[in-house]
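The values are calculated or read from the model by the stated rules, or taken from the named source; none is laboratory data. Model, not experiment: these values are computed from the prediction. Cβ placement follows ideal geometry from the backbone for every residue including glycine, while neighbour counts extend to all protein chains displayed. In case anyone asks, the SASA skips ligands and DNA or RNA and just uses the protein heavy atoms, side chains included. Shrake-Rupley method; radii C 1.70, N 1.55, O 1.52, S 1.80 Å.
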Amino acid sequence: MLIKNHWYALEFGHNVGDQPIQAPVHGHDLVLWRGPDGMVNAQSDLCIHRGGSLAGGTVVGDCIRCPYHGWRFDRQGTCVEIPANRPDLPIPKRARIDTYPCVERYGFVWVFLGDLPPDERPPVPALDGLEEHTAAKAEGYRPIFGDFTWQANYDRVLENAVDIAHTPFVHAGSFGNADQPEIQDFDLDETHHNGYLTSVTATVDLEPPRPSGMWRFISKKDRPPVSTTTGFYPPNVSLLIVRLPLGEIRIFTAAVPRDEHTTVSKFCMLRTFFTGGWADKNSMQRTIKIFLEDQPTVEGQRPELLPFDLSAELHVKSDSIQLAYRRWRQEQLDRGWGLAHPTDDQSRRAAAVIASPGRANDPELAGAWVFPAVPQAATGDQQAAVGQDTQEAT
């Protein structure tokens, strides 16, 4: 289930150029492309003529051209050319595609997936420690970027990223210490903006493991506890800060939901030590190693999707960050902002798109869209009621 009406980090800015690329999200496809002025555009990757993928097309000036029949759409999604038509024939009003608000910030392309007007939207998350720039810049840090694919739902992936208590066991020997697994009491630091939750973080001291490899020769024998901060920025970005004796590591990870069963983590890892390019390969290997350690556990969790009922799983004090995420998620569902994921049969027979602001901006054209909007998902209470009715029927 996807939460709409929020800004999602979907791609790295440096991956988007003047050649369109596809950005799958929640069983739907968007197309990202950069115009002549350098601005990134986000639109539905469905040509309304015969369903061609615009990502296979070309950028022509301020427009994107479909590779199938050459229909050309401008940045607002309006079709401005149908090559097969005579020049004197009008272009149908329904010849338009959904266009989504899009900004490039902190090295990510953020896309607003929803139809709220500008003054009612949550803000683009402010990633702690990064300059509000198109690149992931922070003074004194060296960044690297990468992807990691999970066969797991993005809620599970995001929760794993902010789970403090799994570190001593899942990451024992790398940066967790199974001999000292106790998690100290911690407080949540929550920030809000205009009534919206914008971040949740917590800081704890973790006991480091014994150093291995090259670190044996540069680490002190008596190593102090490692101050570690983790948390999330709704809807899909997590943060990990590890303060080592050598310096600091920050990892910002966007959990991009490709579909209900596949998530791609797009991460930016920054370090204040070994800032030369020669250390990038080792930094990448260590970051991927963390994901690989997590992968079997996350992909093996059941149920695959988060339960609606908080009491369906047992929670303890160290789960406070995950519980904060689940409360936020439930609040959005209660607002009616949950979007149902299309079934395989639905996807094969019909196309639906995530509603864009354009559908609400012009009431006269409200019914003039070729593809319908994705329906609202049932809330947790409605799902529970359906389950109860099913039990009673059987």
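Numbers below:
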{"read-out": "Test for residue 144: is it under 26 Å from residue 291 (Cβ atoms), modelled with pLDDT of 95 or more and not in a loop (DSSP other than H, G, I, E, B)", "value": "yes"}
{"read-out": "Top-ranked residue in region 222-241 [being part of a strand (DSSP E or B) and more than 22 Å from the chain's Cα centre (by Cα); ranked as modelled with the lowest pLDDT]", "value": "226"}
{"read-out": "Region 24-59, residues that are of a type in the set (Val, Ile, Thr) and open to solvent by less than 50 Å² (accessible area, probe 1.4 Å)", "value": "25, 31, 40, 48, 59"}
{"read-out": "Among residues of region 68-86, those that are more than 12 Å from residue 54 (Cβ to Cβ) and under 27 Å from the mean Cα position of the chain (by Cα), counted", "value": "3"}
{"read-out": "Conditions (1) modelled with pLDDT under 75; (2) assigned to a helix (DSSP H, G or I); (3) under 23 Å from the mean Cα position of the chain (by Cα); (4) closer than 30 Å to residue 191 by Cα; number of the one not met by residue 378", "value": "(2)"}
{"read-out": "Region 115-139, subset open to solvent by 50 Å² or more (accessible area, probe 1.4 Å) and within 30 Å of residue 274 (Cα to Cα), residue modelled with the highest pLDDT", "value": "126"}
{"read-out": "Only one of 200, 204 that is open to solvent by less than 40 Å² (accessible area, probe 1.4 Å) and either modelled with pLDDT of 95 or more or part of a loop (DSSP other than H, G, I, E, B) (or both)", "value": "200"}
{"read-out": "Close pairs (8 angstrom Cβ cut-off, 6 or more residues apart or separate chains): in contact (Cβ under 8 Å) with a residue 24 or more places away in the chain and outside any helix (DSSP H, G or I) in region 342-354, of a type in the set (D, E, K, R) and open to solvent by less than 30 Å² (accessible area, probe 1.4 Å) anywhere", "value": "353/98; 354/98"}
{"read-out": "Strands (runs of 3 or more DSSP E) (entirely within region 1-61) containing at least 2 residues that are more than 16 Å from the chain's Cα centre (by Cα)", "value": "28-34, 40-44, 58-60"}
{"read-out": "Qualifying residues in region 335-350 (those that are among the hydrophobic types (A, V, I, L, M, F, W, C) and modelled with pLDDT of 85 or more) - the one surrounded by the most Cβ atoms within 10 Å (Cβ to Cβ)", "value": "339"}
{"read-out": "Members of region 124-141 that are touching a residue at least 40 places away in the same chain (Cβ under 8 Å) and either not in a loop (DSSP other than H, G, I, E, B) or not β-branched (Val, Ile, Thr) (or both)", "value": "125, 126, 127, 128, 129, 130, 135, 136, 138, 140, 141"}
{"read-out": "The one condition in (1) among the acidic types (Asp, Glu); (2) modelled with pLDDT under 95; (3) open to solvent by less than 60 Å² (accessible area, probe 1.4 Å) that residue 88 fails to fulfil", "value": "(3)"}
{"read-out": "Region 269-316, residues that are part of a helix (DSSP H, G or I), open to solvent by 50 Å² or more (accessible area, probe 1.4 Å) and at pLDDT 90 or above", "value": "278, 281, 282, 284, 285, 286, 289, 292, 296, 297, 299"}
{"read-out": "Single match in 74, 98 (criterion: touching a residue at least 24 places away in the same chain (Cβ under 8 Å), surrounded by 15 or more Cβ atoms within 10 Å (Cβ to Cβ) and acidic (Asp, Glu))", "value": "98"}
{"read-out": "Region 304-323, residues that are under 21 Å from the mean Cα position of the chain (by Cα) and within 25 Å of residue 262 (Cβ to Cβ)", "value": "304, 305, 306, 307, 308, 321, 322"}
{"read-out": "Residues (within 21 Å of residue 332 (Cβ to Cβ) and either free of Cβ contacts under 8 Å to residues at least 12 places away in the same chain or open to solvent by 10 Å² or more (accessible area, probe 1.4 Å) (or both)) located in region 7-23", "value": "7"}
{"read-out": "So residue 112, is it within 21 Å of the chain's Cα centre (by Cα), at pLDDT 95 or above and buried (at least 19 other Cβ atoms within 10 Å of the Cβ)", "value": "yes"}
